Amino acid sequence: MDKPIDKAVADLGRNIGEYIREQRNSAKISLRELAKQAGVSNPYLSQIERGLRKPSAEILQQIAKGLRISAEALYVEAGILQQREGGALADAIVAATELTERQKQVLLDVYHSFRRENSAKNQED
């Protein structure tokens, strides 16, 4: 296999692992607790966090559930999905655990309407 491709795949695994570790530390959850909640072994989760393993979409979904964040945010970070329109702010709204799904949707709708309005104004100028 081509060396740059190998490096890109390794970097992708490392990036998602670093992101998962950051989220776990922010949530103040131990590696052992997250592994238990996600239904994976401690060594496997540790390997993911260190970039030695690239988790499947199903494992990412289980990890997201354990972290109480959006699986979509992990999919974007892992390169499985493209980041949605609105970027980091939209992702933060989706990941906000203190909001209901309806509140998240209302915020996203308002945000997107402001973006469309400003885009239309900029095209008129």
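The values are calculated or read from the model by the stated rules, or taken from the named source; none is laboratory data. The model shown is predicted, which means the values in this text are computed figures rather than measured ones. Every residue, glycine as well, gets a Cβ built from its backbone with ideal geometry; the counts of neighbours run over all protein chains shown. The accessibility values were calculated without ligands, DNA or RNA, using every heavy atom of the protein model including side chains. Shrake-Rupley method; radii C 1.70, N 1.55, O 1.52, S 1.80 Å.
Data table
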{"quantity": "Selected residue (only one of Arg32, Arg68 is open to solvent by 80 Å² or more (accessible area, probe 1.4 Å) and on the phi > 0 side of the Ramachandran plot)", "calculated": "Arg68"}
{"quantity": "Selection within the stretch 71-108 - modelled with pLDDT under 80 and part of a loop (DSSP other than H, G, I, E, B)", "calculated": "Gly79, Ile80, Leu81, Gln82, Gln83, Arg84, Glu85, Gly86"}
{"quantity": "Test: Glu58 is in a loop (DSSP other than H, G, I, E, B), without any contact (Cβ under 8 Å) to a residue 24 or more places away in the chain and open to solvent by 30 Å² or more (accessible area, probe 1.4 Å)", "calculated": "no"}
{"quantity": "Residue check, Gly17 part of a helix (DSSP H, G or I), open to solvent by less than 50 Å² (accessible area, probe 1.4 Å) and either modelled with pLDDT of 90 or more or in contact with a Ser or Thr (Cβ under 7 Å, 6 or more places away or on another chain) (or both)", "calculated": "yes"}
{"quantity": "Set Gly79, Gly87: member being among the small types (Gly, Ala, Ser), open to solvent by 50 Å² or more (accessible area, probe 1.4 Å) and either closer than 30 Å to Asn118 by Cα or under 10 Å from the mean Cα position of the chain (by Cα) (or both)", "calculated": "Gly79"}
{"quantity": "Checklist (1) within 18 Å of Glu18 (Cα to Cα); (2) open to solvent by 40 Å² or more (accessible area, probe 1.4 Å) applied to Glu49, failing item", "calculated": "(2)"}
